[in-house]
Amino acid sequence: AGPPPPQDLAGRALVVSAGGTREPLDPVRFLGNRSSGRQGCAIAAEAARRGARTVVVAANVDAHVLAGLEPEGVRVIPVGTALELGEAVRGEAAQADAVIMTAAVADYRPATVSASKIKKRGMSRSPDCGATPARRVIELVENPDVLTGLVADPPRRGLLVVGFAAETGDAAGDVLAHGAAKARRKGADLLAVNAVGARTGFGDVPNSVVVLDSDGREVVRAAGSKAEVARTLVDLVARVLDARVQDS
Ligand code: CTP
């Protein structure tokens, strides 16, 4: 073990959302995503080690990922859907100094949730689905944007709001261009942008993030393991919170 971590978050309360929401279609199926919750849990563990009272709002995070939080004294609130996550985050944020939204929140949910298992309909006669496989349509409705809601209507004065954006480059622009546009659109104090592709970002692989301010300007870069990225981000959060106290 190295030297004890600085207690630069002593007396602070942090909320971290982690994992990926699941939006039910019926009792056995859902629309979900591949977010593991590892980055959020690494941030929460680091914040707790540095003295913050820390709670993780965990959307479908595996028990073995959550296991790392218990020794650090992090409280865990398990949630399933985007609506549940939003309610838990807002509730906790009312007593917090900062909210870090690492969770991958579903932008849409199925418009209706069937009380019983949805049956396969219109089975084609040929076992290989025939030349034209049958199609089904799932209607979706928009979920509230939790992050934007925290910015527009903060549950506590002076709340520091940090977002995460997983981006891929495409014809419309590179990862950073998309990230900067999102930073301005979302208006969070800080937005950590990370490039995701087939082999980066999600899962147990090294990360690389660029943190932007609400004008889309670069504040800091972090790369390495999720623990290293967590350290850099927690450093930044501690610095920004300290600066706010001095300002007020
Ligand atoms: N987020 C949120 N509520 C939502 C969707 C996203 O709070 N309904 C938060 C995420 O936790 C993350 C940030 O917003 O901190 C960015 O999420 P992302 O999915 O990249 O943003 P979107 O607005 O959904 O952008 P895109 O058009 O790229 O899907």
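Worth pointing out:
- Secondary-structure-derived ellipticity at 222 nm for the chain, considering helices only, amounts to -8500 deg cm²/dmol, per-run term -39500 (n - 2.57) for DSSP H runs with n ≥ 4.
- Distance histogram in 5 Å bins (all Cα pairs of region 1-44, percent per bin): 5, 16, 15, 16, 15, 11, 7, 6, 6, 3, 0
- Placing unit charges on each Cβ (+1 for Lys and Arg, -1 for Asp and Glu) gives region 37-127 a dipole about its Cα centre, and among I43, Y108, A59 the Cα reaching farthest toward its positive end belongs to Y108.
- Sites R121 and V76 - FRET efficiency at Förster radius 35 Å, r taken between beta-carbons, to 0.05: 0.30
- Based on the reciprocal of the average 1/r between different C-alpha atoms, the Kirkwood radius for the chain equals 19.2 Å.
- Sorting the segments 89-96, 185-192 by their residues' average number of neighbouring beta-carbon atoms within 10 angstrom, most packed first, yields 185-192, 89-96.
- Under 5 Å, built H, 5+ apart or other chain: amide partners of N60: V79
- Panel values: region 38-92, Kirkwood radius from alpha carbon pairs, Stokes-Einstein at 4 °C and 1.567 mPa s, translational diffusion coefficient 115 µm²/s.
- Helix 175-186 and the longest principal axis of the Cα set of the chain meet at an angle near 80°.
- Radius 10 Å from Cβ of R53, net charge of other residues (Lys, Arg +1; Asp, Glu -1): +1
- Bridge type composition, the chain - antiparallel percent by DSSP, nearest 5: 40
- Centre separation in Å (Cα based) which lies between region 143-196 and region 34-100: 18
- Protection-proxy order for peptides 226-232, 69-75, each taking the mean of Cβ atoms within 10 Å per residue, highest first: 226-232, 69-75
- Build a GNM of the chain with springs between Cα atoms under 10 Å apart, and of L83, L66, L140 the one that fluctuates most is L140.
- Size of charge dipole - the chain - debye, nearest 20, with Cβ of Lys, Arg +1 and Asp, Glu -1, no other charges: 780
- Cut-off under 5 Å, modelled amide H: who pairs with G163 long-range: M101, L190, L191, A192
- The chain: most fluctuating residue of V175, V55, V15 per GNM, C-alpha cutoff 10 Å: V175
Any read-out appearing in this document is the output of simple, stated calculations on the displayed coordinates, not a laboratory observation. Predicted, not measured: the structure shown is a model, and the values here were computed from it. Quick reminder, even Gly has a Cβ in these numbers, built from the backbone with ideal geometry, and neighbours come from all protein chains shown.
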